[in-house]
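Remarks on the structure that follows.
The values are calculated or read from the model by the stated rules, or taken from the named source; none is laboratory data. Values in this document were obtained by computation on a predicted structure and should not be read as measured data. Heads up, the Cβs are rebuilt from the backbone with ideal geometry, glycines too, and the neighbour counts pull from every protein chain shown. Note: areas computed on protein heavy atoms with side chains; ligands, DNA, RNA excluded. Shrake-Rupley method; radii C 1.70, N 1.55, O 1.52, S 1.80 Å.
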Amino acid sequence: FAMEYAEKEAGRKQAEIMLREEKDRIKTILDLVGDPIFVKDNDHRITLANRAFYDIFNMDEASVIGYTLVEAVPENERHHFLEVDRRVLDTGISDLREEELTVADLTRTIITRKTRFTDESGKKFLVGSIHDITDRKQAEEALNDANANLEQRILDRTIELERNKQLLEETGRLARVGGWEIDIKANSLYWSETTHKIHEVEPGFVPDVSTAINFFAPESIPVISGCVERAINKGEPYDVEIELITAKGNRLWTRAIGEPYCENGEVVKVKGIFQDIDERKHSEQEREVLIGQIEQRSSLLEATNNELEAFSYSVSHDLRAPLRHVSGYVELLNKRFQSVLSEKGRHYLDSIADSVHVMGALIDDLLQFSRSGRTEIHQTDFEMNEIVKEIIESLAIDSPDRKIEWVKEKLPSVHGDEAMLRLVWTNLLSNAVKFTRTRKKAKIEIGVQKENRELVFFVRDNGVGFDMQYAQKLFGVFQRLHPTEEFEGTGIGLANVKRIVLRHGGRTWAEAEPDKGAVFYFSIPNK
């Protein structure tokens, strides 16, 4: 019995040594990968996560392993993540999707890959990776300590060692990350299965240290040669992005990471990974081209807008002089020839005077529209309540005979140009007063909807409304949905509102029904 126990104890120790070495090797490789990787058990508890996974949730290992982490995700996202995980665990069908992840009020666009793994004991695990726009991260594994008798512990260690190898290969396939190792003394090179796939060679192919350099693109050879030389001679690690030329002649962007290992002060091995980043690199190149095109078009658009602004200002300014002449002569005719003019003649003069007044208002609005596009924005923190209160009081003085019910919520303070936003409220509230003129009792509501990234203000009235098929015309220059005989105006006020809100980084839109009122909205980024 003693001999049998000793043999089992020796086997257990050997298994623990092999497991520890395998853990160190896996940990070294996984921590070099940039993408967060995680493994969940059938109850959604995290059993494995790498350093990148802890970093993305700003937690340490003790706060992650054994927990579900649902509290770290906003409540509106929890059900979705748990539902996908449960489906993968129950069906065994892998899942690949683009989605949103919010951590510490920061929302990221991510690609998640999830697949089910079943070990020899029948336990189900979910293996997943998270990939954002720029970072690639790899998974690290956590080992569960078994508290069983001696024979069961040896069996558990053996099963776990095999599962670790399978998990490593699985996560490598998910993130297209392959391991490699140069043994300097033996002058040998080891490639993992995924590394063989990245280079598009058969798994049985044995790479040679001296000829493996030929897999790199000509322009990449000096870079990788220098990195490996410094790693061997100076013990310097490296992390570079270079192009490979695979065995099939395909060019492939990879991230090459190398880490030297020393014994007695001498580098004896260099270990690392190859990560397929070809898709990301091509996306970055396409994005750079698109950014260049956008910048060029933006410059042209800005130049065109400046020319239009200058033209609008010049035309509006130059129209004032002849308009003053017309107004002056109409006034002289009324004064000096009042007695000799017929009733029809006086009617003609009144019509000319009215047209001159409308033209003057139109020029004033055009100048104001032009200035709102050229004036520098001076942003401060100020109270919306005070502005709206002052405008309502002013409108009440201008319409003393009107019965208007004002319903106003408490509005938050904002960060913006106070003078410009005062003009926005003036236009919207005066429009509400104007288009409720036909109602015996007008009702105008003012409020705000607080959303994640913006504050949405609205003005609702019970006026004449409009047909939504013409809504796209509302915020254009000179666009009107009602005849001037019914409601006065130049058709520039809402265009001015849109321009000012747009310069603050916001949006404008409206909703209405004919003869059932309208609601006008504008948003301001939430400070």
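Figures for the structure shown
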item: Gly258, sole failed condition from (1) touching a helix residue (DSSP H, G or I) at 6+ places or on another chain (Cβ under 8 Å); (2) touching a residue at least 40 places away in the same chain (Cβ under 8 Å); (3) of a type outside the set (S, T, N, Q); result: (2)
item: Residue check for Leu428: modelled with pLDDT under 90 and touching a helix residue (DSSP H, G or I) at 6+ places or on another chain (Cβ under 7 Å); result: no
item: Subset of region 98-112 [under 14 Å from Phe53 (Cβ atoms) and open to solvent by 60 Å² or more (accessible area, probe 1.4 Å)]; result: Arg108
item: Qualifying residue in region 177-195 (condition: more than 30 Å from Glu16 (Cβ to Cβ) and modelled with pLDDT of 80 or more); result: yes
item: Filtered residues of region 176-225 (kept if open to solvent by less than 60 Å² (accessible area, probe 1.4 Å) and over 38 Å from the mean Cα position of the chain (by Cα)); result: Glu181, Ile182, Asp183, Ile184, Ser188, Leu189, Val201, Pro207, Val209, Ala212, Ile213, Ser225
item: Residue selected from region 335-354 under the condition without any contact (Cβ under 8 Å) to a residue 12 or more places away in the chain and within 60 Å of the chain's Cα centre (by Cα), by the criterion most open to solvent (accessible area, probe 1.4 Å); result: Asp354
item: Qualifying residue in region 195-203 (condition: among the hydroxyl-bearing types (Ser, Thr, Tyr), in contact with a strand residue (DSSP E or B) (Cβ under 7 Å, 6 or more places away or on another chain), in a helix (DSSP H, G or I) and touching a residue at least 24 places away in the same chain (Cβ under 8 Å)); result: yes
item: Number of the exception - Thr109 against (1) of a type in the set (S, T, N, Q); (2) within 20 Å of the chain's Cα centre (by Cα); (3) assigned to a helix (DSSP H, G or I); result: (3)
item: Any hit, region 246-264, residues being surrounded by 11 or more Cβ atoms within 10 Å (Cβ to Cβ) and in contact with a Cys (Cβ under 9 Å, 6 or more places away or on another chain); result: yes
item: Members of region 491-527 that are under 19 Å from the mean Cα position of the chain (by Cα) and in a strand (DSSP E or B); result: Ser523, Ile524, Pro525
item: Check on Ala10, farther than 30 Å from Ile257 by Cβ and either surrounded by fewer than 19 Cβ atoms within 10 Å (Cβ to Cβ) or modelled with pLDDT of 80 or more (or both); result: yes
item: Residue list for region 443-452, restricted to those being surrounded by fewer than 21 Cβ atoms within 10 Å (Cβ to Cβ) and either farther than 28 Å from Thr102 by Cα or at pLDDT 85 or above (or both); result: Lys443, Glu445, Gly447, Val448, Gln449, Lys450
item: Search result, residues across region 64-106 that are closer than 17 Å to Ile37 by Cα, among the aliphatic types (A, V, I, L, M) and not in a loop (DSSP other than H, G, I, E, B); result: Val64, Val70, Ala72, Leu82, Val84, Val88, Leu89, Leu96, Leu101, Val103
item: Residues of region 462-472 satisfying the condition of being touching a Gly at 6+ places or on another chain (Cβ under 6 Å) and open to solvent by 20 Å² or more (accessible area, probe 1.4 Å); result: Asn462
item: Filter result (of a type in the set (S, T, N, Q), open to solvent by 70 Å² or more (accessible area, probe 1.4 Å) and farther than 23 Å from Asp35 by Cβ) within region 265-298; result: Gln293, Gln296
item: Segments classed as strands (runs of 3 or more DSSP E), wholly inside region 375-442, with at least 1 members that are open to solvent by 70 Å² or more (accessible area, probe 1.4 Å) and without any contact (Cβ under 8 Å) to a residue 24 or more places away in the chain; result: none
item: Of residues in region 226-243 being surrounded by 15 or more Cβ atoms within 10 Å (Cβ to Cβ) and among the hydrophobic types (A, V, I, L, M, F, W, C), the one farthest from Leu32 (Cα to Cα); result: Ile232
item: Ala52 vs. criteria farther than 27 Å from Glu259 by Cα, open to solvent by less than 70 Å² (accessible area, probe 1.4 Å) and of a type in the set (Gly, Ala, Ser); result: no
